[in-house]
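Quick notes on the structure that follows.
The values are calculated or read from the model by the stated rules, or taken from the named source; none is laboratory data. Predicted, not measured: the structure shown is a model, and the values here were computed from it. In this analysis, Cβ positions are derived from the backbone assuming ideal geometry, glycine residues included, and neighbour counts consider all displayed protein chains.
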């Protein structure tokens, strides 16, 4: 594939190809849909716990109201999906498989964290809270690794992941507070 220089950098010569633009739009839409499917899954699975034990649990003073946390999660998922898409667009010029594998790994960890933290706590008690902290710690390591890998492919994409990293650290701190402040007995 030939490459042409543009004001924004180097782009594939077929960037003007309608089929390539259509494929690119489909991939971006797919990444966004997949990311929000993870959010929807978490919301559906955890709703009873949010209205149950978690509603009365002692929480960190830093916990945001639901609307604010949901808004931030939405922004984070959009940024993460767009970052993955920007990396995917480099597939003809760079190896992106490893970086994109990290994207899908973080989706799995993200999909696990909230249900383990909120829904499994009813069954496993405090153990689930600490298991969720381990999952979030793994997610943080994955996001840091994503940032490093994305940086070598598309620096803008890597920078788009910084709010996600900050949010994961914030979520882990709230997770730890929840474990320390509450004795949850398995039911």
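Descriptive notes on the structure:
- Of all residues in the range 109-141, those being without any contact (Cβ under 8 Å) to a residue 24 or more places away in the chain and either within 15 Å of residue 164 (Cβ to Cβ) or touching a strand residue (DSSP E or B) at 6+ places or on another chain (Cβ under 7 Å) (or both) number 1.
- For the range 153-187, a tally of residues being out of contact with any helix residue (DSSP H, G or I) (no Cβ under 7 Å at 6 or more places or on another chain), touching a residue at least 40 places away in the same chain (Cβ under 8 Å) and surrounded by 14 or more Cβ atoms within 10 Å (Cβ to Cβ) returns 5.
- A Cβ distance below 8 Å, combined with a sequence gap of six or more or placement on separate chains, defines the contacts here; from the range 55-70, residues that are touching a residue at least 24 places away in the same chain (Cβ under 8 Å) reach residues that are assigned to a loop (DSSP other than H, G, I, E, B) in the pairs 57/182; 57/184; 58/182.
- Meets criteria (modelled with pLDDT under 95 and within 27 Å of residue 45 (Cβ to Cβ)) for residue 122: yes
- Residues (in contact with a helix residue (DSSP H, G or I) (Cβ under 6 Å, 6 or more places away or on another chain), surrounded by fewer than 16 Cβ atoms within 10 Å (Cβ to Cβ) and over 27 Å from residue 126 (Cβ atoms)) located in the range 47-97: 94
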